[in-house]
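Enquirer: Please read through the structure below; I'll follow up with questions.
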Amino acid sequence: MSLQEPAVADPVSPLAPIAPAITGPKKKRRPRRESWVAHDGTVIPAVHQTWRTALRKDWRLYSFLVLPLIFLLIFRYVPILGNVVAFRRFRPGGSMFGDEWVGLYYVKMFINDQQFWHAFSNTVVLGLLTLLIVFPLPIILALMLNEVRSRTFKRTIQTLSYLPHFMSIVIVAGIVFQLTSVNGTVNQIIEATGGSAITFMQEPSWFRTIYLTSEVWQTVGWGTILYLAALTTIDDQLYEASRIDGANRWQQTWHITLPGIRPTMIVLLILNIGTFMAVGFEKILLLSNPLIYSTADVISTYLYRVGIVSNSISYATAIGLFEALIGVALILSANAISKKTVGASLW
């Protein structure tokens, strides 16, 4: 008596007939709901919650967004409609959106305006200097404060560096004028060391130095807040492991600390690049005068003189639209480059 082996299905071969594939309308897949398992083995299914259910459930929290959204709508989005004035002739007392269509007349007008391009070049120079000098300083200060072990000393430095941010720009400009006047503190020190007084606010070559110095003093301390918050998210075990491997403080900063705050650095850099053309209008307007327009006049102050003082609304709108388009192009380009090279981006 011989045992018969069970029949085994032959593998698919080129000679074996292949059943035709059954095709039909694809069903739309529902999003998979995740579930959780409790300690006692009970499966807790996820609750599918729509935005209407969330709004009905937490309407008290969402009500806090009403006023900010109204503010953004009125003061940020509705004024966008006014950009049409750049292509229409606006007359005081006439239509809010201009009286007659002029096309690219005002665009050609500012393209051929040498004074505009002079203000444009000053804006680019001040924007580059601000990015190269002012932007990295909060990072350096945050890294230095992170190494301080005395809490009292650290909090004292933070308080002193935060205070200038809360000062009005008018007060800051007044302090700058008092320090740099002919009889001011800076000139008194220069004369005490054997030098002669310098008319800082009447010489164009000194304006950029004065502006950047005041900008550093006013903004660097406040800029460290986000970086200090990002530093607290870095795992301390990484530092302990690096110390075991023999890494010094500089190596820990370079290989652990800086990569840990890199997403924050990239996001703030993209935002700063987006506001590259919007150099501080109020401070420059308060510090500048006709004697130093060759280095102090930027697009924002030029727009103020053309649009408000000279009442050329359509011409000023065309320049402002051009500046806004440059800002949008810069922030989109910076975000795309950062996303491809570093992997961090705003969206």
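The values are calculated or read from the model by the stated rules, or taken from the named source; none is laboratory data. Because the structure is a prediction, the values reported are computed rather than measured. Please note: Cβ atoms are built from the backbone with ideal geometry, for glycine as well, and neighbour counts cover all protein chains shown. We work out accessible area using only protein heavy atoms, side chains counted, and drop any ligands, DNA or RNA first. Shrake-Rupley method; radii C 1.70, N 1.55, O 1.52, S 1.80 Å.
Enquirer: Of everything in the range 171-211, what is in contact (Cβ under 8 Å) with a residue 40 or more places away in the chain, under 24 Å from L137 (Cα atoms) and surrounded by fewer than 16 Cβ atoms within 10 Å (Cβ to Cβ)? Give them in sequence order.
Expert: Answer for the range 171-211, where residues must be in contact (Cβ under 8 Å) with a residue 40 or more places away in the chain, under 24 Å from L137 (Cα atoms) and surrounded by fewer than 16 Cβ atoms within 10 Å (Cβ to Cβ): just S205.
Enquirer: I'd like the full set of residues that are of a type outside the set (K, R), under 12 Å from S314 (Cβ atoms) and modelled with pLDDT of 85 or more, limited to the range 79-103.
Expert: Correct list: G82, N83, V84, V85, A86, F87, F90, E100, W101, V102, G103.
Enquirer: Identify the single condition in (1) open to solvent by less than 10 Å² (accessible area, probe 1.4 Å); (2) without any contact (Cβ under 8 Å) to a residue 60 or more places away in the chain; (3) of a type in the set (D, E, K, R) that R305 does not satisfy, given that it satisfies every other one.
Expert: Unmet condition: (1).
Enquirer: Where residues in the range 105-124 are in contact with a helix residue (DSSP H, G or I) (Cβ under 7 Å, 6 or more places away or on another chain) and of a type in the set (A, V, I, L, M), which of them is least open to solvent (accessible area, probe 1.4 Å)?
Expert: Among those residues, the one meeting the criterion is A119.
Enquirer: Another question about this same structure. Does A329 count as small (G, A, S), over 22 Å from the mean Cα position of the chain (by Cα) and modelled with pLDDT of 90 or more? If you could, list the steps in order and put the result at the bottom.
Expert: Working: small (G, A, S): yes; over 22 Å from the mean Cα position of the chain (by Cα): no; modelled with pLDDT of 90 or more: yes.
The answer is no for A329.
Enquirer: Also, I was wondering about something else. Grab the helices (runs of 4 or more DSSP H) fully contained in the range 247-301, keeping just those with 3 or more residues being under 24 Å from F120 (Cα atoms) and open to solvent by less than 20 Å² (accessible area, probe 1.4 Å).
Expert: Values: elements: 249-252, 262-274, 281-287, 293-296.
Per the criteria, 281-287.
Enquirer: Give me a count of the residues in the range 204-245 that are closer than 25 Å to P164 by Cβ and not in a helix (DSSP H, G or I).
Expert: Total satisfying the criteria: 1.
Enquirer: Failed condition for N311, given (1) touching a residue at least 24 places away in the same chain (Cβ under 8 Å); (2) surrounded by 13 or more Cβ atoms within 10 Å (Cβ to Cβ), with all others met?
Expert: Exception for N311: condition (2).
Enquirer: Hey, can you tell me all the residues within the range 141-169 that are exposed (fewer than 11 other Cβ atoms within 10 Å of the Cβ) and over 19 Å from Q252 (Cβ atoms)?
Expert: Matches in the range 141-169: S150, R151, T152, T159, L160, F166, S168.
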